[in-house]
Every structure is written in C-alpha cells, then in structure tokens.
Amino acid sequence: SYDALIVGAGHAGAHTALALRQNGFGGSVALLGDEPEPPYERPPLSKEFLNGDKQFDRLLIRPVPFWAERAVQMLPGRRVVAVDPVARTVGTTAGEEFTYGRLVWATGGRARALTCPGAGAAGVHSLRTRADAERIQLALPDIQHVVIIGGGYIGLEVAAALATKGKSVTVLEACERVLARVAGEELSRFYEAEHRARGVDVRLGAKVDAIETKDGRVTGVCLADGTVLPAEMVVVGIGIIPAVEPLVDAGAEGGNGVAVDAFMRTSLPDVLAVGDCAFHANPFADGERVRLESVQNAVDTAATAGRTLVGNPLPYHAVPWFWSNQFDLKLQTMGLSTGYDQTVVRGEMATRSFSLVYLRRGRVIALDCINATRDFAQGRALVTEGAQIEPALLADASIPLKQAKV
Ligand code: FAD
C-alpha cells in the first residue's frame, strides 16, 4: 500500500515523484512501470543516443541511488492492467495487487503500429523505448536501405541520424508536406529541402500498401501507386496511442487519452493523470482540449499534479515549448501554433537561422526558431502575453523581439 502510487515510470511519472518530495509530501511514494530501466529521457533515442554520441547512463532522469535517497520505491517490470477505483487498487499482469491513497496515471503511449500486410515482419521497427532504439542500432551494420514511414519529428530525426551514418534513407509522408500536423508550410518546405540536400529521398502524398517480405524479413515497401522501394529496415513513426485502457475501463472519462481538469484530476476520485496521456484544456490552445507530447508538458503537468496532491493547487498554465535536432539544425518551438491564421518569416531562411512566427487574430501565439536561440528565449514573453506586433517588425531580424514588443 502506498500513499501515492504513480503508474508509468517515464518522464512525467519521475517528475511527479520529484514534485511530491519537493512540495514536502511525507507519505510513501512508489513509481511502478513496465520497463526494466529506471526513468530515462526519450528525446535522445532519435538523436544523440541513436547516433551513438550519448550512452544510456546519461539518459537517466536521476542517478539510480537518488530515488532511494528520496524514499521513492521503484517497482520496475510491472504492467498495470486493471484499476479498481472503489477498492483503490491496481492489478498487474503478474497478478500482483497494490493499494493506493492517490493514484497518478503517467503511462504515456505506445507507438502506433502499421496495419498493412507485412507490418509484423522482422526489420520493421518503431521507436519509443530504449529497447526499440537498441534493436535499430544492432541491426544497422547489416543494412543499407531504410524506409521511414511518417514525416513527423521522430521520422525526420531518425532520417537525419541514419543519413548522417551513410545509410540510404527514404521518408514516406502521407500528407502533402512533412510536419503537417505541427508546423506551418514554410517550415515543412524548409525541412523537406534540407533533407533532400543531404540525400534523403522525401516522398510526399505517399500511401503505404504493404511491406514486402522474404522469409519473414522486410525486403521493401510497396506504395499505393505500385512503386516498390527496396528496404532492409523500416522505421514507423506515425504517432502514439495513449496507454489509458485500464483507467478508462475503470470509468475515467476518456476520449483522446484521459481527461483531466486544470489540476490534473481525472473524473475518478483521487486519480490524477500527467504527461503524454493527459487530455487537458491548455490555455495556449485557443480554448481547445489537447494532448501534448513533450518533455515540457511532462515536467509541468507533473509539477501541477504534485501541488494538487499536497493540497496547494495551482492551475496548469505553463507555456508549451519543444525542440528537435536534425543535422546541424536546432529547432526550438515556443507556444502552440494551433489555429494560426498568419505566419511571418523572421530573417532569411537561406541563412539557415530564422524563425517562423505564428499569429492568430493579430496576436503572436507561437514561434518555430531554427538556429535562433535568442528568438526562442525572447519569444516566450510574446507568447505569454499574446503580443500584438506589426508583421513588418516581426520580420526584421535586426530588431530583437524584446524591442519589437512595445
Ligand atoms: P513516457 O515517457 O512514455 O513514460 C510512460 C511510461 O509508462 C513508459 O515507461 C511506459 O512503458 C509505461 N507504461 C505504459 N503503460 C503502462 C502500464 N499499464 N503499466 C505500467 N507502465 C506502463 N519531447 C520533446 O519535448 N522534445 C523532443 O525532442 C522529443 N523527442 C522525442 C523522441 C522520441 C524518440 C520519443 C519517443 C519521444 C520524444 N519526445 C520529445 C517526447 C517525450 O519523450 C514525451 O513527451 C515524454 O517522454 C512523455 O512522458 P510520459 O511520462 O508522459 O510518457
């Protein structure tokens, strides 16, 4: 029995445990998760860890002894499959049962799988966990042609990492541009051009019909137009499915993930949810309820949950931010571009250091900053206030953003 039981020992779960102790929570805390490792950061899995620049121990969110020092009980290698909100218990696949005072659901999501014929073949990978990344690394020496399905951030990061390693890489994107869900068209075109300039074959409007196989191993990817692309490896990056079934089965209001209020409370008594799986009303999403998949959201929803659990609640109001590294391009985003009606390119795209500023009804709502860390830092205040600035001023990179703001 634990006063606070956190299910899911990833970014948000780990930070919930930290937030509890930082807020002086004196009860027992346990962090239960299905992976064997202590909590680690996922972003490097498609970046520095995948390309070998960072070893796994540098991905740990805290050194191993830290958790015991803070009296956080680790319960690795366990998967929760049932929640009983009346008895206040969770049950695992192995039949263990744990009783909770408060439950924090921090399970993130699992990689969405392909459903076409051949999708289960050997050599078809997704990338969510350390184990996934190591499977890809282990296979790399023996392969040359990689097809990446999905032109989102993870797909493009993997493409950049593997192209840099000398692999022949194709990116298949079903939409008419990469990053269509998260970025403006100028940014999509910029990244398509950068990838192509480094030899990545970026194909837009590409629909996958089947994975071709021989003896159970992938040999190619067959497109709806009949094209067959040879491949010894396929990496699928088509989003995640929030891992909320046990909680929704127990009666929690769901939908896209599990619904929470501004204090991260679900509809079940003393059950909170944080991180990628939490469907919440974000003040920066124009009144929309959203699920955000970012380290920022994991850390800040955890901080909100920690305050709620010690009886010192503050509504969630953190400014969303995100980053992506591809080749020598460091992208940093501030705010959410949801519902933008105007974009302004700030600086010259050709210099490979510029920002794309998003406006809604004349107000700055978000920035995508490419090799432009100063814009990222100064853009926060603009997004927080929803600043109204003349597009011509925004476009002039010689005027620092903090001066453009009057
Ligand atoms: P997770 O970190 O996924 O943790 C959830 C944990 O719960 C997992 O260990 C999971 O196995 C476990 N679990 C699930 N179901 C159960 C169950 N029933 N019982 C027990 N345990 C369970 N974000 C950025 O901001 N910038 C980036 O550059 C970036 N790059 C990324 C690159 C990759 C390859 C990936 C995969 C993600 C990236 N992200 C990035 C997103 C970021 O890692 C996530 O937003 C963050 O990890 C979310 O934290 P979480 O705790 O909600 O979920």
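Values quoted throughout were computed directly from the atomic coordinates according to the rules given, and no laboratory measurement underlies them. Note that the structure is a prediction, hence the values are computed from the model and not measured. With ideal geometry, Cβ positions are generated from the backbone for all residues, glycine too; neighbour counts draw on all protein chains shown.
Its DSSP H runs of at least 4 residues, each contributing -39,500 (n - 2.57), put the calculated 222 nm mean residue ellipticity of the chain at -6500 deg cm²/dmol, to the nearest 500.
Its residue count N sets the reference 2.2 N^0.38 Å, and the alpha-carbon radius of gyration of the chain equals 1.02 times that reference. Extension gain, Ala122 to Asp270, is 49.0 nm, computed as 0.36 nm per intervening residue step minus the present C-alpha separation.
Figure legend: label point modelled 7 angstrom from the Cα of Glu245 along Cα→Cβ; residues of the stretch 252-293 with amide N under 17 Å from it are 252, 254-258, 277.
Arrange the following residues from fewest to most other Cβ atoms within 10 Å of their Cβ: Arg361, Arg203, Arg102.
Numbers: Arg361 12, Arg203 15, Arg102 21.
In order of increasing Cβ crowding within 10 Å: Arg361, Arg203, Arg102.
Kindly state, to the nearest 0.05, the FRET efficiency for Leu60 paired with Lys165, given R0 = 25 Å and r defined as their beta-carbon distance. Write out the running numbers ahead of the final one.
Working: r = 25 Å, r/R0 = 1.00.
Here the calculated transfer efficiency is 0.50.
How high is the FRET efficiency from Ser398 to Val81, r the C-beta distance, R0 45 Å, rounded to 0.05? Could you put the intermediate results ahead of the total?
Details: r = 58 Å, r/R0 = 1.29.
Approximately 0.20, to the nearest 0.05.
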